[in-house]
Amino acid sequence: MGRSRGGLTTKIHALTDAHGLPLELVLTPGQAGDCPVAAGLLGHLREGTIVLADKAYDADWLRRQIEAAGAAPNIPPMVHRRWKPCFSPVLYRARNRIERFFNRIKHFRRLATRYEKHAANFLAMQLQAHAISKKVPCINKNFGKISCTK
């Protein structure tokens, strides 16, 4: 947990597929920047992928890393940039899937109020909340059986 002007906060960084299903979740303190975390999240890139991210991820080094992996960055440029990289608002509309992912998990009070004190427990609750909200079968590794939501 980190400290910001509003108190102790936590940021959730998510990498999702085209359907809004999470591939990777990372927790950082609230005062941490978004861009440094992106380097670790982008290890799953495949050639021909289009990466959609918000303005917080607009950095030249990040764009170069995405292009080096054979993917195409579609990130809106920051206002203060002198040279504006190409950006497609039509492709960017698909980014609402990640916003819907965050909206779904915020409906769970336990996540919205951060009852869990340990990061591992908090991430586990996020995945469980997502599985419940999407009615996705999940594997219970502690008991070795598959449980499905109804």
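Structure notes:
- Looking only at region 18-43, residues that are touching a residue at least 60 places away in the same chain (Cβ under 8 Å) and touching an Asp or Glu at 6+ places or on another chain (Cβ under 7 Å) come to 0 in all.
- Among the residues of region 6-42, those that are loosely packed, with under 13 Cβ neighbours inside 10 Å and more than 28 Å from Lys117 (Cβ to Cβ) comprise Asp17, Ala18, His19.
- Hey, Val37 at pLDDT 80 or above, in contact with a His (Cβ under 9 Å, 6 or more places away or on another chain) and among the β-branched types (Val, Ile, Thr) or not: yes
- Within region 43-73, the set of residues being loosely packed, with under 11 Cβ neighbours inside 10 Å and not in a helix (DSSP H, G or I) comprises Arg46, Glu47, Gly48.
- Conditions (1) over 15 Å from the mean Cα position of the chain (by Cα); (2) outside any helix (DSSP H, G or I); (3) not acidic (Asp, Glu): number failed by Ala32: (1)
- Residues within region 84-105 that are part of a helix (DSSP H, G or I), without any contact (Cβ under 8 Å) to a residue 24 or more places away in the chain and over 13 Å from the mean Cα position of the chain (by Cα), tallied: 3
- Total residues in region 118-142, condition modelled with pLDDT under 70 and not in a helix (DSSP H, G or I): 8
- Some residue of region 75-83 being assigned to a helix (DSSP H, G or I), loosely packed, with under 13 Cβ neighbours inside 10 Å and modelled with pLDDT of 85 or more: no
The values are calculated or read from the model by the stated rules, or taken from the named source; none is laboratory data. Quantities reported herein were computed from a predicted structural model and do not represent experimental measurements. Counting neighbours? That spans all protein chains shown, and the Cβs are built from the backbone with ideal geometry, glycine included.
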